[in-house]
1. Checking Thr88 against (1) closer than 15 Å to Thr3 by Cβ; (2) over 15 Å from the mean Cα position of the chain (by Cα), which single condition isn't satisfied?
2. Only one residue in Asp54, Asp81, Asp58 is under 16 Å from Asp39 (Cβ atoms), surrounded by 15 or more Cβ atoms within 10 Å (Cβ to Cβ) and among the acidic types (Asp, Glu), so which one is that?
3. Restricting attention to region 57-75, and to residues there that are polar (S, T, N, Q) and modelled with pLDDT under 95, which single residue is farthest from Val93 (Cα to Cα)?
4. Return the residue satisfying two criteria in turn: it lies in region 16-50 and is exposed (fewer than 12 other Cβ atoms within 10 Å of the Cβ) and of a type in the set (Val, Ile, Thr), and of such residues it is nearest to Val89 (Cα to Cα).
5. If you scan region 84-111, which residues turn out to be assigned to a loop (DSSP other than H, G, I, E, B) and either surrounded by 14 or more Cβ atoms within 10 Å (Cβ to Cβ) or acidic (Asp, Glu) (or both)?
6. For Ala74, work out the one condition from (1) closer than 21 Å to Gly9 by Cα; (2) aliphatic (A, V, I, L, M); (3) not in a strand (DSSP E or B) it doesn't fulfil.
7. Which of the residues that make up region 63-78 are among the hydrophobic types (A, V, I, L, M, F, W, C), surrounded by 10 or more Cβ atoms within 10 Å (Cβ to Cβ) and either more than 22 Å from the chain's Cα centre (by Cα) or under 25 Å from Val4 (Cα atoms) (or both)?
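The values are calculated or read from the model by the stated rules, or taken from the named source; none is laboratory data. All values reported here derive from a predicted model rather than from experimental measurement. Heads up, the Cβs are rebuilt from the backbone with ideal geometry, glycines too, and the neighbour counts pull from every protein chain shown.
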Amino acid sequence: MVTVSPTTGHNLVVWEKKTIAPIMALNIYRKSIAAGIYDRLATVSYDDLSVFVDTTADPTVQAYLYKITAFDTANNETDIDLCKPHKTVHLIVSTNPELNTTQLQLDLYYL
């Protein structure tokens, strides 16, 4: 799940640890400006808390896509192309001063 942290205002990636696979660590990726390319933001030990705060993204500007891959004990990483992306919600508010109207455009969350 991807949301915005109420304490920091940054994007917050949260995942559930429900597996019997021998996982050592997880890589957190965010989609780059190039289509289909994801940049690795961090590696999180499987024993750590299952959250990541993305301090480099600005959720007030745009929605972001994230993927998570896993490393097993043999150091094999999940194929990132097989991982489903999670996208943050983003609301754009614009006003038309001539008509005195407000327009909302919602970029919905998806996985």
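1. For Thr88, the exception is condition (2).
2. Asp54
3. My answer is Thr73.
4. Here the answer is Ile33.
5. Pro85, Thr88, Val89, Glu98, Tyr109, listed by residue number.
6. Unmet for Ala74, out of (1) closer than 21 Å to Gly9 by Cα; (2) aliphatic (A, V, I, L, M); (3) not in a strand (DSSP E or B): (1).
7. Matches in region 63-78: Ala63, Leu65, Ile68, Ala70.
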